[in-house]
Each structure stands twice: as structure tokens, then as C-alpha cells.
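The values are calculated or read from the model by the stated rules, or taken from the named source; none is laboratory data. As the structure is a computational prediction, the values presented were derived from the model and not from experiment. Please note: Cβ atoms are built from the backbone with ideal geometry, for glycine as well, and neighbour counts cover all protein chains shown. Each accessible area value is taken on the protein alone, full model and side chains, heavy atoms only, with ligands, DNA and RNA left out. Shrake-Rupley method; radii C 1.70, N 1.55, O 1.52, S 1.80 Å.
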Amino acid sequence: MDDGFEAPYRLEYTYRRSTGAVIGRFLGALRDGRLEGVRTAGGRVLSPPLEYDPESGEDVGAPVDVGPGGVVTTWTWVAAPRPDHPVARPFAWALVRLDGADTAMLHAVDVGGEPGGIRTGLRVRARWRAERTGTIRDLECFVPHDGATPIDVARPTTEVSGPVALLPSPVRLDYTIIAGRHLRTYLSGLAKKRIVGGRCPRCRKVYLPPRGACPTCGVPADHEVEVRDTGTITTFCIIRIPFDAAPFPPPYAAVAVLLDGADMPIFHLVRGIPPEEVRMGMRVRATWVPDAELAPTLASIRWFEPSGEADLPYESIEAHL
Ligand SMILES: [Zn+2]
């Protein structure tokens, strides 16, 4: 857009997940080049395994070897694979019921890039990665198999054996945010120390940020109103665990602030008070960045601090939680 209200945005979580005993054992088997399921009390074999029998809620039992062959039970075609997909050429996502299992596993099937090669009922076998680390990607994909030829069993690629305890599970979304008319008004205001909401003409609620339409009444809510930079804490959370993107060393308080004149709280930080003294109903005032640093972003408000006014009673905020 010509006014620059467009920004790259990355949402990223560098998770490592603890796997638990059942999934950890399954991943350890994948690293060894084997496929496993678990047997339920009723005698069914679940693969991939679940920690509980979905029918009874009971714990599942011993691991069971399944595969290495299986059958496609349903599928969908991917004509344009993405960079992170397990197969570089067009392929199918399919549910594959491994031999010996009663449930099916979602995975890729590589049929040479031709959509005519995939069908329900197709016999397949696992194709393993050369180097395996204990993730679902150790199983590169499935490929068609005639059902008769013996299937080579993969050999372990590492000295490590046993269950996998922790699994890298990063999530990353890169996209471009383009502010629409109402968000642009809101962001432009912040660069001038103005906080602009939008009022619904029917229910009179003031949305912050303005949304352009009232989700309750279904009518345009584009009457701009300026709200104050003072407000009331409606709810809060004390952050005690450090993480990479934390704005301060913990502990600190993240708060929902109902600004005076608005009906929706905004989320921000509160400083100038020990975190354990933050409370619902507490009155606060915005601390803005120096004028030279003002920009069209909520970060123009550095944080909120106690205003020194008396707390508001719960009844005055309960409709805005
Ligand atoms: Zn409304």
C-alpha cells in the first residue's frame, strides 16, 4: 500500500515437546527404522499409538510391531508441494493402515509425481531416511509396493536406542500484515499519542482497536471515538518463566487494561509496582515512549503504571472481562 501500512510478520515458537512414554517409544522405533502400534484392552492395535484407548479411555497396553507394508484407505493430492513437505514432487497425503494395525496413519505417498498412481486400496511400504533422529520425518514417505516382494527392513542408523524423550517441534509462520482502514486509523493515532476506537451505532460499544463492524449487532461500527490513556486493569497474568522474546526479566505482569471510554480491554504490560501487588480494578496510566520515538504501533505505549487513583469495584469491570 502506498502509505506504508504493511509489515512483515513472523509468528514463531521454538518448542521442544516432551513426548511421554507411549509416543517416545514410537519415535524411538522410527529411529530404529521400525513401525509400532499399541494394543488396547479390547484387542485393537492403534498405529500411530495413542496414550489412551479412544473408546474406553483406559491405558493402552504393550507395543506391537506393525508394517512395514500397508494399504491406502483414503488420500488427497498435493499438486504443488511446499518447501517443507516430505516429497519434493507432487504427491498424496494419505491415510495408510499398516499391516497388523486397526487404525490408519497420515503420511505422504510418493507415486512418482503422477496423480494416476494413487488410489484407495493401493499397497505401500515405508521409505526410510538414511539418517534418522527420532521424529516422524524418519519415515520419509510411503511408496507403492506389489505386496509380494519381501520388504527390506531398515537398519538402525545411530547407536542411540530406546524412547525419545524430547522432540524439537518448531512452529513458524511468515506472512505480511496489511492494515485495513480501521486498523490504519488506530495505528496512525498511536503515533500522535491518540487512541482511537470505533463505536457501534446500535449497542454503543466502543471497540478497541476499531473493527469496522460490530460482531454482536452485525452493523458498521465506524464512528471514530478517542479514548483516554488511563484505564482499569480487568485481568492480569504474572510471567515467571523466562523466554527469548520476554520484554523484561521475569517476574513481570501482563495485563488487560480497559481504557476509559472503551468497552474492550487491550493487552499490555504494567510496571512501577511489584508484580504481586497488581490486582483487578487497579487504575493505571499509559507511559508513552519519548515523542521522537512515537510510531504507528502499540509499542508507542511503553507500558502502564499505577495512576494512584482508588481501585474500581469488580462490578464496574465485570462486563468487560
Ligand atoms: Zn453493536
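Key figures for this structure:
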read-out	value
Filter pass, LEU95 being open to solvent by less than 70 Å² (accessible area, probe 1.4 Å), over 22 Å from ALA148 (Cβ atoms) and in the same structural domain as ASP152 (by TED's automatic domain parsing)	yes
Exclusive hit being open to solvent by 20 Å² or more (accessible area, probe 1.4 Å), away from the ligand (no atom under 16 Å from the Cβ), of a type in the set (Ser, Thr, Tyr) and outside any strand (DSSP E or B), set THR176, THR133	THR133
Options ARG211, ARG204, ARG199; residue that is on the phi > 0 side of the Ramachandran plot, open to solvent by 30 Å² or more (accessible area, probe 1.4 Å) and either among the aliphatic types (A, V, I, L, M) or within 16 Å of the ligand (Cβ to nearest atom) (or both)	ARG204
Pairs with Cβ under 8 Å, 6+ apart, first in region 38-66 and touching a residue at least 12 places away in the same chain (Cβ under 8 Å) and outside any loop (DSSP other than H, G, I, E, B), second of a type in the set (A, V, I, L, M) and exposed (fewer than 12 other Cβ atoms within 10 Å of the Cβ)	VAL38/ALA62; ARG39/ALA62
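Yes/no matrix, rows are residues, columns are (1) hydroxyl-bearing (Ser, Thr, Tyr); (2) modelled with pLDDT under 95; (3) at positive phi:
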| site | (1), (2), (3) |
| --- | --- |
| GLY4 | no, yes, yes |
| TYR9 | yes, yes, no |
| PHE26 | no, no, no |
| ALA88 | no, no, no |
| TRP93 | no, no, no |
| GLU114 | no, no, no |
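One line per residue, one yes/no per condition, for (1) in the same structural domain as ASP53 (by TED's automatic domain parsing); (2) in contact (Cβ under 8 Å) with a residue 24 or more places away in the chain; (3) of a type outside the set (A, V, I, L, M, F, W, C); (4) closer than 22 Å to PRO48 by Cβ:
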{"residue": "THR74", "(1), (2), (3), (4)": "yes, yes, yes, yes"}
{"residue": "PRO83", "(1), (2), (3), (4)": "yes, no, yes, no"}
{"residue": "PRO90", "(1), (2), (3), (4)": "yes, yes, yes, no"}
{"residue": "THR135", "(1), (2), (3), (4)": "yes, yes, yes, yes"}
{"residue": "ALA148", "(1), (2), (3), (4)": "yes, no, no, no"}
{"residue": "ALA154", "(1), (2), (3), (4)": "yes, yes, no, yes"}
